[in-house]
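Input: a single structure, listed below in structure tokens.
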Amino acid sequence: MSTNTMLTIYRVLAWTVGTILIILVLIAMPLKYLVGQPQGVEVIGPIHGWMFMFYVASVIVLGFSTKWGLGRIVLTALAGTIPFVSFYAEHKTVQFMRNQPTKA
């Protein structure tokens with residue numbers, strides 16, 4: 001799989017995980033704890049969990065295939081656990097990847 005393909009997969013998952021996490025934290029959890037309606041968390045929570053696992057896998061594959069340091073891999077993976085941070089991490093990752101020398 002090409003680096004561009006892996007980067008695209010990572011980018012899609014970063015945005016998906018970030019969006020789902022925001023929905024979970026800003027909508028579903030307040031509905032559960034303030035209004036007593038846990039259905040949103042029961043649906044959105046597992047979706048975020050599964051998508052987060054795919055996100056972490058994409059970070060690991062991209063990171064090891066492009067020889068990132070372990071710290072960058074761990075921090076990028078953890079970005080999917082804090083609302084809005086996955087968007088920042090995705091932006092910084094794209095900048096980092098674009099500044100890498102191309103292989104001839």
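The values are calculated or read from the model by the stated rules, or taken from the named source; none is laboratory data. Nothing here was measured: the structure is a model prediction, and the numbers come from that model. With ideal geometry, Cβ positions are generated from the backbone for all residues, glycine too; neighbour counts draw on all protein chains shown.
The C-beta contact set for segment 34-56 (first residue under 17 Å from residue 10 (Cβ atoms), second residue of a type in the set (Phe, Trp, Tyr), distance under 8 angstrom, 6+ apart or interchain) comprises 55/10. For segment 1-46, the set of residues classified as surrounded by 15 or more Cβ atoms within 10 Å (Cβ to Cβ) and among the charged types (D, E, K, R) consists of 11, 32, listed by residue number. Among the residues making up segment 47-58, those that are of a type in the set (A, V, I, L, M, F, W, C) and buried (at least 17 other Cβ atoms within 10 Å of the Cβ) are 51, 52, 56.
Just to check your reading of the model, which residue among 80, 18, 63, 45 is at pLDDT below 95 and in contact with a helix residue (DSSP H, G or I) (Cβ under 7 Å, 6 or more places away or on another chain)? Exactly one residue qualifies, and that residue is 80. Among the residues making up segment 59-71, those that are without any contact (Cβ under 8 Å) to a residue 24 or more places away in the chain and surrounded by 13 or more Cβ atoms within 10 Å (Cβ to Cβ) are 60, 63, 68. When residues in segment 1-19 are screened for being of a type in the set (Lys, Arg) and within 14 Å of residue 50 (Cα to Cα), 0 of them pass.
Could you grab me the full set of residues in segment 1-22 that are within 17 Å of residue 88 (Cα to Cα), in contact (Cβ under 8 Å) with a residue 12 or more places away in the chain and not hydroxyl-bearing (Ser, Thr, Tyr)? Of everything in segment 1-22, those that are within 17 Å of residue 88 (Cα to Cα), in contact (Cβ under 8 Å) with a residue 12 or more places away in the chain and not hydroxyl-bearing (Ser, Thr, Tyr) turn out to be 7, 9, 11, 13, 14, 15, 17, 18, 20, 21, 22.
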